[in-house]
Amino acid sequence: MRIGGVIIEAAAWDDPDVQRLTTDQQDEIRARYGGKEEPGAHPSAADVAVVLVARDDDGTPVGCGALRALGDGAAEVKRMYVVPSARGRGVSKAVLAGLEEAARDRGWTTLRLETGPLQPEAVGLYRGAGYRETGPFGAYRDDPDAVDSLFFERHLAHSSTGSGTA
C-alpha cells in the first residue's frame, strides 16, 4: 500500500532489511543514551505480530515499525525508525498510520508505546498523531531501567472499511 510518499509493505521480523533497520535504530538509541539499552523485553519473531517496512519507489528501505500484542485489545508499537536521509519526508507518519491500520484490522483498540526524553522527534510524532502520555504498562512497571521513559497510548477509532487512518 502507498501511504504518503512511500510504499508500506508487511515483512517478517527476520527479514534482512528489517534486521538492518532495527539494528540501526538500536545503535542510534544507545548513542543518544550513553550506551544504555532500551528498557523492557526486546521484541522477537515469537512475539511481534506485525512488521512494516517503508520503501522508496526504487525499493530502498527507509523506515520500519512493528506491533507486539499485549492482550485485552492492546498492542505495543516497537522499533519505529526512519533512516536519517529520509527524515522530514513523512515516512514515520506513514509507518505509524500503517501500524494503526494493521491494529484495527486485528481488532486491537489501543496502541501503547515507550520512548525516551532524548527522542524529541518521536515524542512530537506521537503527540501529533493523538497519543497521550500515560504511565508505565506491562513489564515496564517493574523495570528500573524505565524510570526515565515516557509512555504513550492512543485509543483507535474503527473505520467502517477497516482501511481508514486516524
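General remarks:
- Net charge of neighbours whose Cβ lies under 13 Å from the Cβ of ALA11, counting Lys and Arg as +1 and Asp and Glu as -1: -1
- FRET efficiency for the pair ASP57 and HIS155, taken as 1/(1 + (r/R0)^6) with r the Cβ-Cβ distance and R0 = 35 Å, rounds to 0.55.
- If the chain linking ALA45 and ARG127 were pulled fully straight, counting 0.36 nm for each residue of separation and taking away their Cα-Cα distance, it would gain 26.7 nm.
- Whole-angstrom Cα spans of the chain along principal axes, big to small: 41, 35, 31
- Cα-based shape type of region 1-97, given that a ≥ b ≥ c are square roots of the gyration tensor eigenvalues and the cut on a/c is 1.5: oblate
- Radius ratio Rg over Rh of region 68-152, counting only Cα atoms, Kirkwood formula for Rh: 0.96
- Straightening the chain between ILE7 and THR23 buys 3.6 nm, computed as 0.36 nm per residue apart minus the Cα-Cα spacing.
Since every read-out is calculated from the coordinates, none of them should be taken as a lab result. The structure displayed is predicted, hence computed values, not measured ones. Please note: Cβ atoms are built from the backbone with ideal geometry, for glycine as well, and neighbour counts cover all protein chains shown.
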